[in-house]
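The values are calculated or read from the model by the stated rules, or taken from the named source; none is laboratory data. As the structure is a prediction and not an experimental result, all values here were calculated from the model. Don't worry about glycine lacking a Cβ; one is built from the backbone with ideal geometry, like all the others, and counts go over all protein chains shown. Each accessible area value is taken on the protein alone, full model and side chains, heavy atoms only, with ligands, DNA and RNA left out. Shrake-Rupley method; radii C 1.70, N 1.55, O 1.52, S 1.80 Å.
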Amino acid sequence: MYGKIAGGPLQKFSSNSDPCWLVVSCHLFMNVAIIAAAGSGSRMGGKRPKQFLELAGVPIIFHALMAFERCDAIHQIVTVLSAGEIADFLSIAKEHGIQKLVAGVPGGETRAASVLQGLRAVESETEVVAVHDGVRPFVTSDEIARTVQAAKLEGAAILVSTPVDTIKEVNDGVIARTLDRCKIRYALTPQCFDYKLLRRAYEQVDVSDASFTDEASVVERLGVKIVTVEGSARNIKITRPEDLVIAEAILKSVGSGQWAVSSEQ
């Protein structure tokens, strides 16, 4: 069902001659990132899925992946892609320095179905799962680490940013009320959860329901507390052509810096 890459953290300590403590330490404290990148990108209007469009000469998804590659809090990466993209993706991943990637999984018809596919490829010994949009190239390793740590402490945590615009609730084209901006947050990714909690949440909902647009909306059904971690508004999701223009402007304004992606091993 999915492609595997050998040489990930678990495989390094799998031989019978390895000391047992190495195997145990690897299993007990492993955190895994699931990169959701199975979307068709219909709103972008191009021939290729948006996650493979280039930003500063590199596919968007690899900008996102490098933040997880550089983050010490993440030990393995599973990427969810459309079935037709997996072979090519796996063949070039290491060219971009992605060493933590252990599996490429075909996605489903909805966001929730795709994430469930990714969860099924995660080792059962995993502690925290961090789910991230493959088209959010500007997440930082620090944001990832802080959200993972919050999930370790609380069981569920998502990265958010504070809106600067006034937000209205609208019914049939008419303003119903002005929402209290102090109580509103934009939901970003990664969204991080105890593995067993997230797996249980996904197995209790209809993953064909397209209204589950993020992982928190699934976990909320269990009635558990989900804490927030403040992130940067630069962590944009590239969905439309104008978002790509904004992304290029972000890179120019701050320099490639921490988002630089190497094409060499």
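Observations on the structure shown:
- Any hit, region 120-128, residues being over 17 Å from PRO190 (Cα atoms), touching a strand residue (DSSP E or B) at 6+ places or on another chain (Cβ under 9 Å) and at pLDDT below 95: yes
- Restricting HIS63, HIS27 to residues that are at negative phi and modelled with pLDDT of 90 or more narrows the list to HIS63.
- Residue match in region 190-203 (condition: in contact with a Lys or Arg (Cβ under 7 Å, 6 or more places away or on another chain), of a type outside the set (Phe, Trp, Tyr) and modelled with pLDDT of 95 or more): yes
For (1) in a loop (DSSP other than H, G, I, E, B); (2) under 22 Å from ILE236 (Cα atoms); (3) open to solvent by 20 Å² or more (accessible area, probe 1.4 Å), each residue gets a yes or a no:
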position	(1), (2), (3)
ILE92	no, no, yes
GLU95	no, no, yes
ALA103	no, no, no
SER114	no, yes, no
HIS132	no, yes, no
ARG136	yes, yes, yes
VAL148	no, yes, no
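- Region 212-249, residues that are acidic (Asp, Glu), under 17 Å from the mean Cα position of the chain (by Cα) and open to solvent by less than 70 Å² (accessible area, probe 1.4 Å): ASP214, GLU215
- Lone qualifier among ILE77, ILE61 - being touching a Gly at 6+ places or on another chain (Cβ under 6 Å), crowded, with 19+ Cβ neighbours inside 10 Å and not in a loop (DSSP other than H, G, I, E, B): ILE61
- Counting only residues that are within 12 Å of ALA156 (Cα to Cα), out of contact with any Phe, Trp or Tyr (no Cβ under 9 Å at 6 or more places or on another chain) and not in a helix (DSSP H, G or I), region 188-223 holds 5 of them.
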